[in-house]
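Enquirer: Submitted below is the structure of interest, expressed as structure tokens.
What follows is calculated from the coordinates using simple rules that are stated; it is not laboratory data. Keep in mind the model is a prediction, meaning the values are calculated, not measured. Using ideal geometry, Cβ is built from the backbone for each residue, glycine included, and neighbour counts are taken over all protein chains shown.
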Amino acid sequence: MFYVKNVPGWERVVRVIAGLVVAGFALFSPGGVAGIAIAVAAAGIVVSGLVGFCPACALAGRKLARQAAQARPRR
């Protein structure tokens, strides 16, 4: 793959559930630009949970514990 997963399993589950809740909110919110923006944000949350990669976390330098341990030089 072209990316390294930077979201732990428990957080992936939370992201998918939260994304579905936000998508449900988007269905019942008033239409227009705000409703579309909420739906797109929900899709992004769900996709980041399903894929296991968060671009914002990557920009912040977040790594999983096992990745951080592998990146350390051994003596």
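Enquirer: Kindly provide the Kirkwood hydrodynamic radius of the chain in Å, to one decimal, from all pairs of distinct alpha carbon atoms.
Expert: On the way: mean 1/r = 0.0727 Å⁻¹.
After inverting the mean inverse Cα-Cα distance, the result is 13.8 Å.
Enquirer: If you don't mind, another one. Test of understanding: in a Gaussian network model of the chain with alpha carbons linked when under 10 Å, which of ALA39, ALA26, ALA56 would top the mean-square fluctuation ranking?
Expert: ALA56
Enquirer: About the Cα centre, and with charges only on the beta carbon of Lys, Arg (+1) and Asp, Glu (-1), how big is the dipole of the chain? Nearest 20 debye, please. Spell out each step's value before the answer.
Expert: Details: 9 positive and 1 negative charges, 141 e Å.
It comes to approximately 680 debye.
Enquirer: Sticking with this one: If we count other beta carbons within 10 Å of each Cβ, what is the order of ILE17, ILE38, fewest first? Walk me through the numbers on the way to the answer.
Expert: Numbers: ILE17 13, ILE38 16.
So the residues, fewest neighbours to most, are ILE17, ILE38.
Enquirer: Now a separate question. Can you tell which of PRO8, PHE25, ILE36 lies farthest toward the positive end of the dipole of the chain, using +1 and -1 charges on the Cβ of basic and acidic side chains (Lys, Arg; Asp, Glu)?
Expert: Ranked along the dipole, the leading option is PRO8.
Enquirer: I would also like to ask the following. So how much slack lies between VAL16 and CYS57, counting 0.36 nm per residue of separation and subtracting their Cα-Cα distance, in nm? Display every interim value, and only then the final one.
Expert: Working: separation 41, 0.36 × 41 = 14.76 nm, distance 1.63 nm.
Full extension from VAL16 to CYS57 adds 13.1 nm.
Enquirer: Please give the contour-minus-distance gain from ALA37 to LYS5: 0.36 nm per residue of separation, less the Cα-Cα distance, rounded to one decimal in nm. Can you show the working numbers first?
Expert: On the way: separation 32, 0.36 × 32 = 11.52 nm, distance 2.59 nm.
Once the chain is fully extended between ALA37 and LYS5, it gains 8.9 nm.
Enquirer: Next question. How tilted is helix 33-51 with respect to the longest principal axis of the chain? Cα atoms for both, answer in degrees (0 to 90, nearest 10).
Expert: Compared with the principal axis, the helix lies near 30 degrees.
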